[in-house]
Structure formats: structure tokens, C-alpha cells
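Below is one structure, written out as C-alpha cells; the observations come after it.
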Amino acid sequence: MTRLSHFLSLAALAAVTSAQAAELPAEIKQAGALKLTVNSTYAPMEYRDPATNELVGLDIDLANELAKRLGGLKIVWSETPFAELIPSLQTKRADFIISGISDRASRRETADFVDYLQTGPQFFVMADSEAKAATDLCGKKVGTTRSTSFPVEIEKWSKQNCEAAGKPAIQYVPGENSIDVRNQLKQGRIDAAVQGSETLPYAQTQEPGKYRVVGEAFAKGYQGIMFRKDDAALREVVTEKLTAMISDGAYKAVLDKWGLGANAVAQPMLNAAPQ
């Protein structure tokens, strides 16, 4: 055995040992339940099914499978505006957050992210828009959800692709959530919108022929399961179960169900999104 292969074997053994040592915090085990809070306006990640009013989505399916593998825990769901997700975690109203939330450096000051899905902001317009390329949106009104990272990403993209080329800057228009932003677009109050690349295929299937994507996602990021920094034990045991789901195909089955197989990651990653 070479020195390198020996080192890799030790690293693998250490990882297995760590995974075997991961256990649920006592209070969660005793309660037999997880408290999870979502913002249910972000289809297909989490939303209320219009036909049944049930909470459904990719994150809901992943959380249910994780709870089953964590000893058959019950999930006590609650809903809150997107801006209240992080306070819900900090005040322990939620044990962790799995709700379409992006791993961002500014959010890591008080929390850790286990990244599980690739994402990125993407421009889209009404199907009859004259915009053919993303640069056609320079000087136009572009809306996105105010509490996400997308306003900053739009400003950065505008400086690099509009202002640097002597074109007028994009005019950012805030929205409360993705539903509000799409409504603004349909009402003609904005010229284009930005949402995460994971949401647009669903929106296009729900309203066929109404929207058109312009260009590729213009930044790369990850969505993550968000944990309090002092909750390392819970973070580790959830990571262990998510790793197993990736290995045995359960993770892929959930992503494929929601049409997001292309957004898969090869393994869970800790705080991996670009700074």
C-alpha cells in the first residue's frame, strides 16, 4: 500500500467512524419529532397543492425520507414568510431549515449549511417579450424576491454586462416572493424577472407557453439544509442519512420526481457555496 492510499484509507475509516458516532440529540429523540418550518410559496421546493391544500414539494419529500431514516420521527410542520426562516432557526422554533434557502457567506456567521442542490439565478420573461438575450434587459425593470441573494446577483451582473458596456443598468424591482414576482411580470409592472433555476421548469409546466427563459443561470450556488452552529450532532446525523440517500438512489428518485435531476450534487457538502 502506498503512503497516499494508506492516507486515503485512514481518511475513509475516520469518516465511517464519525458517521457511526453520529446520534440524534436527546431532546429530539425523546420527543420523537422534528420541528420544521418552511416558506410554502416556492414551488416545486415547497408549496400548498391547489387541489388538496397539502404541503408538498421536493424539500418536503426529502425531509420526510430523512425523518424516516432518523428513527421514524414525526415532522411537525409550520409555515412562515421567507424572511422569518432564519429567525425561526435561531429561536429554536425549527430544528433545522430545509426550505429552498441558499447557502450564503453572510448566513454562515450564525449557521452551517449542508448543501444538497445546485441552483443559480436565471432571467425569464413573458413568452411574447422582445428580449432575446440577457443583455437586452439592460435598462429594463427586473423583479425578484427581496429577501434572497438575487438582488445582489442582479446588480453584480448588471455592472459587468450592462454598465461596463456603456448600457443603462438594470432597474431592480423588489417582490415579496416568487408568486408576487410572477404576478408583477404578468401585469406588465416589470419587464423580466429572476428566480432560482430549480423553480422555472415547474412554473413553465403550470402555465404552458406563458414564460420564456433568457440565457443560462448567471451565477452558481447551492441550496442547503441550515443548522445552528451549536447543533453539530444534529447536522452530522442528518448528513449521514442524506449521504446514504444519495448512495442508495432515494435522493435521485426525489429529484427526478420533481424534474430536477440535473440539479443533483454528488455528495452533501458543508458550507460549499462560493463566497
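The values are calculated or read from the model by the stated rules, or taken from the named source; none is laboratory data. Please read all numbers here as calculations on a predicted model, not as lab measurements. Glycine also receives a Cβ, built like all others from the backbone with ideal geometry; neighbour counts cover every protein chain displayed. Ligands, DNA and RNA are excluded from the accessible area calculation, which covers all protein heavy atoms including side chains. Shrake-Rupley method; radii C 1.70, N 1.55, O 1.52, S 1.80 Å.
If you go through the range 215-269 and pick out every residue that is assigned to a loop (DSSP other than H, G, I, E, B) and not β-branched (Val, Ile, Thr), you end up with 17.
Can you name the condition, by its number, that Lys257 falls short on among (1) crowded, with 21+ Cβ neighbours inside 10 Å; (2) under 28 Å from Asp49 (Cα atoms)? Here Lys257 meets the rest and fails (1). If you check Asp112, Asp95 for being closer than 17 Å to Glu46 by Cβ, touching a residue at least 60 places away in the same chain (Cβ under 8 Å) and open to solvent by 10 Å² or more (accessible area, probe 1.4 Å), only one passes: Asp95. Scanning the range 21-35 for residues that are free of Cβ contacts under 8 Å to residues at least 12 places away in the same chain and not small (Gly, Ala, Ser), we see that the one that is most open to solvent (accessible area, probe 1.4 Å) is Gln30. Taking the range 220-242 as the range and being under 23 Å from Gly120 (Cα atoms) and surrounded by fewer than 20 Cβ atoms within 10 Å (Cβ to Cβ) as the test, only Lys220 passes. Does any residue of the range 63-77 turn out to be more than 19 Å from Leu242 (Cα to Cα) and at pLDDT 95 or above? Yes, there is a match, as at least one residue in the range 63-77 is more than 19 Å from Leu242 (Cα to Cα) and at pLDDT 95 or above. Checked against the criterion of being farther than 23 Å from Glu84 by Cα and in contact with a Lys or Arg (Cβ under 7 Å, 6 or more places away or on another chain), the range 252-272 contains one or more residues that satisfy it. Residues in the range 59-84 that are in contact with a strand residue (DSSP E or B) (Cβ under 8 Å, 6 or more places away or on another chain) and touching a residue at least 60 places away in the same chain (Cβ under 8 Å): 3 in all. Scanning the range 32-50 for residues that are aliphatic (A, V, I, L, M) and at pLDDT below 95 gives a single hit, Ala43.
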